[in-house]
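Below is one structure; the comments refer to it alone.
What follows draws every value from the coordinates through simple rules; no lab data is involved. Predicted model only: the values in this text are computed from it and were never measured. Here the Cβ is made from the backbone with ideal geometry for all residues, glycine too, and neighbour counts use every protein chain on show.
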Amino acid sequence: MNLSINPYFAAAGLLVFSNVFMTFAWYAHLRNLGDKPWIIAALISWGIALFEYLLQVPANRIGYTSMSLGQLKIMQGVISLSVFVPFAWLYMKEPLKLDYLWAGLCLLAAAWFIFRGEAA
């Protein structure tokens, strides 16, 4: 029984988890460590980012076996916004903005252009 995972799905799954860590590393300190010196926030963020890299590097290596560099980058952008919007809304308590929808639609268009050759 062969349980190999499609490289597109493996890369996307790892990138989703990678982006969760990176989003927290980049932005959670604004809410949680605002009263601490920036160096403390930076060191904690670097610690969180280590886990991001432990997922992101294998994700890109797996993805690159089936996707071009441009496809990987666009996939990363779509996933990044897909993780960021719920983070901003639910964790940071930012209001949802229609601009997120427009940005998402632009990224979907970018994904269509970069992946359209794959469907042929």
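Once you order the gyration tensor axes a ≥ b ≥ c over the Cα atoms, which shape class does the stretch 7-119 get: rounded for a/c under 1.5, otherwise prolate or oblate by comparing a/b with b/c? Cα axes put the stretch 7-119 in the oblate bin. Rounded to the nearest 500, the 222 nm mean residue ellipticity of the chain from helices alone is -24500 deg cm²/dmol, with -39,500 (n - 2.57) taken per DSSP H run of at least 4 residues. With respect to the chain, whose longest principal axis is taken over its alpha-carbon atoms, helix 69-86 is tilted by about 40°.
For the chain, the dipole from Cβ point charges (+1 on Lys and Arg, -1 on Asp and Glu) about the Cα centre works out to 20 debye, to the nearest 20.
Given their separation in residues at 0.36 nm each and the Cα-Cα distance between them, L96 and I39 gain 17.5 nm when the chain is fully extended.
Residue ranges 37-45, 63-71 sort as 63-71, 37-45 when ordered by packing (mean number of other C-beta atoms within 10 Å per residue, highest first). For the peptides 107-113, 51-57, 91-97, the ranking by mean Cβ contacts within 10 Å, running from highest to lowest, is 51-57, 107-113, 91-97. Against the chain, whose longest principal axis comes from its Cα atoms, helix 7-23 is set at around 10 degrees. Taking all Cα pairs closer than 8 Å and separated by 6 or more residues, the relative contact order of the chain comes to 32 percent.
Between 0 and 90 degrees, the angle of helix 98-119 with respect to the longest Cα principal axis of the chain falls at about 30 degrees. Take each peptide in 24-35, 72-83, count the other Cβ atoms within 10 Å of every residue, and average; sorted highest first, the result is 72-83, 24-35.
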